[in-house]
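Novice: Have a look at the structure that comes next, please.
Computed from the coordinates by the stated procedures, all read-outs in this text should not be read as laboratory data. Being a predicted model, the structure only gives us computed values, none of them experimental. Every residue, glycine among them, receives a Cβ derived from its backbone with ideal geometry; neighbour counts consider all protein chains shown.
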Amino acid sequence: MYSEKVMDHFMNPRNVGEIEDADGIGEVGNAKCGDIMKIFLKIRDNRIVDVKFKTFGCGAAIASSSMATELIKGKTLDEALQLTNKAVAEALDGLPPIKMHCSVLAEEAIKAAIEDYKRKQQSKQVNS
Ligand code: FES
């Protein structure tokens, strides 16, 4: 049912954990399955220099988060914003149709973390 890549990223997820002084944090959940994904970003000069995740969810959600963090590491914010859940699923050599929503969580969590970063930057400018 699952590709070897999904199994690999599920068994040995990359970039698991937290970044204590993260520049942007995004947390999203899926109301139906109850799974939650949290992404932490470290950003320098508009580029993602570090990324970590914590996912309380199914195997496909963990594999999706792991792959998504690998795909955005070192990318600019604009490039990371273009990452779609389809691209994450393709990079994993596919997900079963009923598990596609798990990859949507990864796309949404990354977008939420970048939005959080941008919001913080704006409030810094307002306060300085
Ligand atoms: Fe909900 Fe996978 S079953 S994220």
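Novice: Just for the Cα atoms in the chain, what are the lengths along the principal axes, largest first, rounded to whole Å?
Specialist: Extents along the principal axes, in whole Å: 53, 29, 24.
Novice: Counting only residues 5 or more places away or on other chains, whose amide H sits under 5 Å from the amide H of ASP35 once H atoms are built in the peptide plane?
Specialist: So ASP35 has HN proximity to ASN30.
Novice: Would you calculate the separation in nanometres between label points at GLU115 and ARG14, each defined as 7 Å from the Cα along the Cα-to-beta-carbon direction?
Specialist: 2.7
Novice: Continuing with the same structure: Write out the trypsin sites (Lys or Arg not before Pro) in region 20-128 meeting two conditions: DSSP loop, and at most 10 other Cβ atoms within 10 Å of their Cβ.
Specialist: Those that pass, being in a loop and sparsely packed, are LYS32.
Novice: Something else now. Nothing charged except the Cβ atoms of Lys and Arg (+1) and of Asp and Glu (-1): what's the magnitude of the dipole of region 1-53 about its Cα centre? Round to the nearest 20 debye.
Specialist: Rounded to the nearest 20 debye, it is 160 debye.
Novice: Quote the charge dipole size of the chain about the Cα centre in Debye, to the nearest 20; the model charges only the Cβ of Lys and Arg (+1) and of Asp and Glu (-1).
Specialist: 220
Novice: On to the next question. Go ahead and run the numbers for FRET between LYS124 and GLU90, Cβ-Cβ distance against an R0 of 35 Å, rounding to 0.05.
Specialist: My answer for the efficiency is 0.45.
Novice: Sticking with this structure for a sec: Can you list the residues of region 3-24 with backbone N under 19 Å from a point 7 Å past the Cα of VAL49, pointing along Cα to Cβ?
Specialist: In region 3-24, the label zone of VAL49 (backbone N under 19 Å from the point 7 Å along Cα→Cβ) covers 15, 18-24.
Novice: Which whole-Hz ³J(HN,Hα) couplings does region 60-72 yield from phi under the Karplus relation 6.51 cos²θ - 1.76 cosθ + 1.60, θ = phi - 60°, glycine and proline marked x?
Specialist: Karplus values, whole Hz, x for Gly and Pro: 5, 5, 5, 4, 5, 5, 4, 5, 4, 5, 5, 6, 9.
Novice: Also, I was wondering about something else. Within 10 Å, at most 12 other Cβ atoms, and a DSSP state outside H, G, I, E, B define an exposed site. Report the longest part of the chain free of exposed GluC sites (Glu not before Pro).
Specialist: By the stated rule (loop sites, at most 12 other Cβ atoms within 10 Å), 21-128.
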